Structure formats: structure tokens, C-alpha cells
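Notes for the one structure printed next.
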Amino acid sequence: MKKEISGASTPSYEEIRTVEMSETEQVHLITPSDLNSYGRLFGGRLMQWIDEVAGIAAIRHAGCPITTAAVDNLQFKEGAGEGDLIVLRAWLTYVGNTSMEVRVDTYVEDMSGKRRVINRAYLVEVAVDEDGQPLRVPRLKPHSPEQYAEWDNGLRRQQLRKERRQEGY
Ligand SMILES: CC(C)(COP(=O)(O)OP(=O)(O)OC[C@H]1O[C@@H](n2cnc3c(N)ncnc32)[C@H](O)[C@@H]1OP(=O)(O)O)[C@@H](O)C(=O)NCCC(=O)NCCS
């Protein structure tokens, strides 16, 4: 039996929260310290930003500390260089008992505000107590056709992840 979140200011796991309540956006300006030896954005730096923004969205949903359990489907579609504005957008797609799937899309934004996707990732964040034990999280209520489709796909991905773990991947 999973513990429940306690405390007056944290949401109950029976509470229903929407995707918009925890959606998070972060913007970074690429500086020389973000570049690899070829002068392009270092992949490890982008992965750090992805992990951070996904964690913030999950904390906003769960109302308690979280830990990253898995990162998958991390696709680098395009590179970026010094002076580019990098926008990361994170939102919850699926919620299990204690885990939350967060999608992070990363864009390069040009001076006119137009964005092109350079990376897409899905992360699994797990709500934990002070001993690192999983805690139940509030329910997630999709309310648009896109959010329902994401939920169905998230459920399928969670089942695939479970199968992979059982097979020892
Ligand atoms: C994530 C963690 C808390 C899960 O603990 P656990 O004892 O395995 O707990 P459970 O087996 O009950 O799993 C809890 C939830 O996490 C999910 N989960 C656990 N491992 C997972 C993985 N590798 N991939 C995806 N989901 C995972 C389970 O499906 C379950 O989800 P649900 O409650 O929504 O059904 C534990 O594995 C851990 O602390 N891992 C290290 C995390 C860490 O240090 N991250 C930072 C890396 S630098």
C-alpha cells in the first residue's frame, strides 16, 4: 500500500489536476559554456535542462519531491549554436499511482518568435517521501482530444516500460 501525501499545503492524491496546472516553460540563451568542441549545443547540457524542466512540472503536479526514474524516446532532431534561444516546454501526459510521465519539447526560437522543434523526450518522474519511498500522486484530468490521445499513448508506453523492466532491459 503506497503512502499518501500529507501536509496542509500539498494536494491529496484524490485531487484531480489538469495538464495546464503544472505545464512549465523554461528559456535559455546558449552561451560559450554550453557548447561542445564543435561549437554546437552540448547534448549533456540539453539533457540537464530537460531533466530540470520535467522535474519542475512533476513537482507542480504532485506537490512533493520527485525523482527521475526513466528518460526515454530522447530524440535529437537538430542542433543549436551560440546565441540561439532555447525554449523547453514540459507537460504531464499520463499519471500512474506514484509515477508521472512528462513530455518535454525543446525548440529554437527565432527573433520573430517562431519556434522549431529540435528535441522531444518523455521522462518518468516518481513522487517520493523523505525516505525516497514512492508516494501516490493526484489524478490527471485530460480535457482535449490531444490530451486524451497523449494519455492513451502514455498508458501504452508505461506498459511497454514495465515489460522491458521485467525482461531485464
Ligand atoms: C524511482 C524509484 C523511487 C522507484 O522505486 P521502486 O521501489 O522501484 O518503486 P515501485 O516499483 O513501486 O515503482 C514506483 C513507480 O515507479 C515506476 N517505475 C519504477 N522504475 C521505473 C523505470 N525504470 N521506468 C519507468 N517507471 C518506473 C513504476 O512503474 C511505479 O509506477 P506507478 O506507481 O505509477 O505504477 C527508485 O527506483 C529510485 O529511487 N530510483 C533512483 C532514482 C534516481 O536516483 N534518479 C536520479 C538519477 S540521477
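The values are calculated or read from the model by the stated rules, or taken from the named source; none is laboratory data. The structure presented is a predicted model; accordingly, all values stated were derived computationally and were not measured. Cβ: placed from backbone, ideal geometry, glycine included. Neighbour counts: every protein chain shown. Please note that ligands, DNA and RNA were not included when accessible areas were found on the heavy atoms of the full protein model with its side chains. Shrake-Rupley method; radii C 1.70, N 1.55, O 1.52, S 1.80 Å.
Add -39500 (n - 2.57) for each DSSP H run of 4 or more in the chain, then divide by its residues: what number comes out at 222 nm, to the nearest 500 deg cm²/dmol?
-8500 deg cm²/dmol
Give a residue-ordered list of calculated ³J(HN,Hα) values for segment 43-48 (Karplus: 6.51 cos²θ - 1.76 cosθ + 1.60, θ = phi - 60°; whole Hz; x for Gly, Pro).
Once rounded to whole Hz, the list reads x, x, 5, 5, 5, 5.
What is the percent carbon and sulfur in the accessible area of the chain, measuring with a 1.4 Å probe over the protein chains and ignoring ligands?
51
Which residues make up the longest stretch of the chain that has no GluC sites (Glu not before Pro) in a DSSP loop with at most 16 other Cβ atoms within 10 Å?
Maximal segment without exposed cleavage sites: 24-77.
Whose amide H sits under 5 Å from the amide H of ILE118, counting only residues 5 or more places off or on another chain, with H placed in the peptide plane?
THR106, TYR107, VAL108
Just to confirm a number: summing +1 for Lys and Arg and -1 for Asp and Glu over residues other than TRP91 whose beta-carbon lies under 14 angstrom from that of TRP91, what do you get?
So the environment of TRP91 carries a net charge of -2.
Mind listing the long-range amide H neighbours of LEU35? Cut-off is under 5 Å, sequence gap 5 or more, other chains count too, H placed in the peptide plane at 1.01 Å from N.
Answer set, sorted by chain and number: PHE42.
Send over a whole-number figure in Å² for the accessible area per residue of the chain, probe 1.4 Å.
55
For ALA69, which sequence-distant residues (separation of 5 or more, or a different chain) have an amide H within less than 5 Å of its own amide H, given hydrogens modelled in the peptide plane?
The answer is VAL124, GLU125, VAL126.
Work out from phi, with θ = phi - 60° and the Karplus expression 6.51 cos²θ - 1.76 cosθ + 1.60, the ³J(HN,Hα) of each residue of segment 137-151, listed in order in whole Hz, and give x for Gly and Pro.
10, x, 5, 10, 10, x, 9, 10, x, 5, 5, 5, 5, 4, 4
Give me the distance in nm between label points sitting 7 Å out from Cα along the Cα-to-Cβ direction at ARG139 and LEU160, one decimal.
2.7
Take the Cα gyration tensor of the chain, multiply each eigenvalue by 5, square-root it, and list the three semi-axes largest first, rounded to whole angstrom.
That gives 29, 17, 16 Å for the three semi-axes.
If you average the C-alpha positions of segment 32-106 and of segment 113-155 separately, how far apart do those two centres end up, in angstrom?
12
Given 10 Å bins starting at zero, what is the percent of C-alpha pairs of segment 109-154 in each, up to the one with the largest pair distance?
The calculated distribution, bin by bin, is 18, 28, 32, 17, 4.
Output the relative contact order of the chain, whole-number percent, from Cα pairs under 8 angstrom with separation of 6+ residues.
Once divided by the residue count of the chain, the mean separation gives 28 percent.
Of the lysine pairs in the chain, how many meet both conditions: Cα atoms under 28 Å apart, and a spacing of 8 or more in sequence or different chains?
Lysine pairs satisfying the spacing and distance rule in the chain number 7.
Taking every Cα atom in segment 73-140, find the radius of gyration and the maximum pairwise distance Dmax, and write them in Å.
15.7, 47
Test of understanding: given the chain, find the longest segment containing no trypsin sites (Lys or Arg not before Pro) that are in a DSSP loop and have at most 15 other Cβ atoms within 10 Å.
Longest run free of exposed loop sites: 3-76.
If you plug each phi of segment 115-122 into the Karplus form 6.51 cos²θ - 1.76 cosθ + 1.60 with θ = phi - 60°, what whole-Hz ³J(HN,Hα) values come out, in order, with x for Gly and Pro?
10, 10, 6, 10, 7, 9, 9, 10
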